[in-house]
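This report refers to the structure that appears directly beneath it.
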Amino acid sequence: MEFNILVLGSGAATPTFARHCSSQLVSICGNRILIDCGEYTQSQLRKYHQKIQGVKMVLISHLHGDHFFGLPGLLSTMHLLGRTEPLKVFAPKGGREAIQLLFSVSGTELRFPVEFIELDCSEPTVILQEHFYHITAFPMQHSLPCFGFLIKEEPPLLNLRPLVRLHYNMTNEDCVSVKEGNDLTLEDGTVIPNSELTLPRRKARSYAYCCDTAFDESLVPILQGVDLLCMESTFDEAFSAMAVERFHCTASQSATIAQRAGVGRLLLTHFSARYREIEPLLSEATAVFPNTLAAEDGGRYEIV
């Protein structure tokens, strides 16, 4: 089943010709989840041939403009395109009021319901449970209340080995039970171990998004073993003092978190506009954690 990330914006604070403000579209099990919505997000969706109405929910990490100011325009466009399907928006306290105020003064009345769910947790909390995946929000250290997101598949059902259904004359109920991990009991009382009936279970995949945050080792256990970690890399070590002052990470700090958490791959994002070339940041990170990529607007990254 699909599980991939389309980067719509990988820049920090101000957009440039090459990089727009923070936004990503996560595709998982047929669902489209928008993470952050900086200005120009809706244009990026169209540029990369994504259906605006296909967005099922929006996750806003915090209310700084480069992560949030694109949301009013996106909601307005959904309205003008005739959306009637409800939309869930997860955002820190103040997000609902900001949108309501803007729409009030502009006389905008959406034709579809928007359900705002307030993010307000002091420890990792499951904010959405779906059949095939769940989403956990966790607090991070920034100048405003800010949250990271962990999207993880539910453990998939086991697959039956070829011909076992016919061999043991299994009913539909038997098959469901065995796929859930149970042994099979025959009519004569013989118990067939599940391991003889099924193939090894495919690993549940996971993705984590951490942007914006100061360097914080308490993130390590939350991110432990994720397949792909997308983490901010606003500065290099030459600007480490500025990173501390502004509650951001350097490239090497993000790589250190990835290394200590034992993640599969690291995807750097949220690059300061001062960097025309990202290579210095990428080199700094790969020296600590070799399996590192630098996000590009329009880049699609598979979770495997």
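Using θ = phi - 60° in the Karplus curve 6.51 cos²θ - 1.76 cosθ + 1.60, the 3J(HN,Hα) couplings for segment 243-257 round to 4, 5, 4, 9, 6, 10, 10, 8, 4, 5, 5, 4, 5, 5, 4 Hz; x is entered for Gly and Pro.
According to the square roots a ≥ b ≥ c of the eigenvalues of the Cα gyration tensor, what is the shape class of segment 131-238, taking rounded for a/c under 1.5, prolate for a/b larger than b/c otherwise, and oblate for the remainder? Prolate is the answer for segment 131-238, as a/c is 1.5 or above and a/b outweighs b/c. Multiplying the residue separation of Arg260 and Arg161 by 0.36 nm and subtracting their alpha-carbon distance yields 31.9 nm. Here the gap between Thr125 and Glu109, fully extended at 0.36 nm per residue and compared with their Cα-Cα distance, gives a gain of 2.5 nm. Going from the fewest other Cβ atoms within 10 Å to the most, the residues Phe271, Phe132 appear in the order Phe132, Phe271. Divide the volume of the convex hull around the Cα atoms of the chain by the residue count and you get 156 Å³ per residue.
Relative to a virtual label point 7 Å from the Cα of Ser43 in the Cα→beta-carbon direction, which members of segment 12-30 show backbone nitrogen distances below 19 Å? Of the residues in segment 12-30, 12-25 have backbone N under 19 Å from the label point off Ser43. Projecting the Cα atoms of Gln253, Gln141, Leu63 onto the charge dipole of the chain, computed from C-beta unit charges around the Cα centre, puts Leu63 farthest toward the positive end. Every helix of 4 or more DSSP H residues in the chain counts as -39500 (n - 2.57), and over all residues that averages to -6500 deg cm²/dmol at 222 nm.
By its C-alpha gyration tensor, with a ≥ b ≥ c as the square roots of the eigenvalues, how is segment 1-120 shaped: rounded for a/c under 1.5, else prolate for a/b larger than b/c, else oblate? Verdict is rounded for segment 1-120.
Computing FRET efficiency as 1/(1 + (r/R0)^6) for Ala18 and Ala238, where r is the C-beta to C-beta distance and R0 is 22 Å, gives about 0.55.
Counting neighbouring Cβ atoms within 10 Å and putting the fewest first, the residues Lys56, Lys93 line up as Lys93, Lys56.
Where a number appears in this text, it was derived from the coordinates with a stated rule and is not lab data. Everything numeric here is computed off the predicted structure, so don't read it as measured data. When we count neighbours, we look across all protein chains shown, and the Cβ atoms used for this are built from the backbone with ideal geometry, even at glycine.
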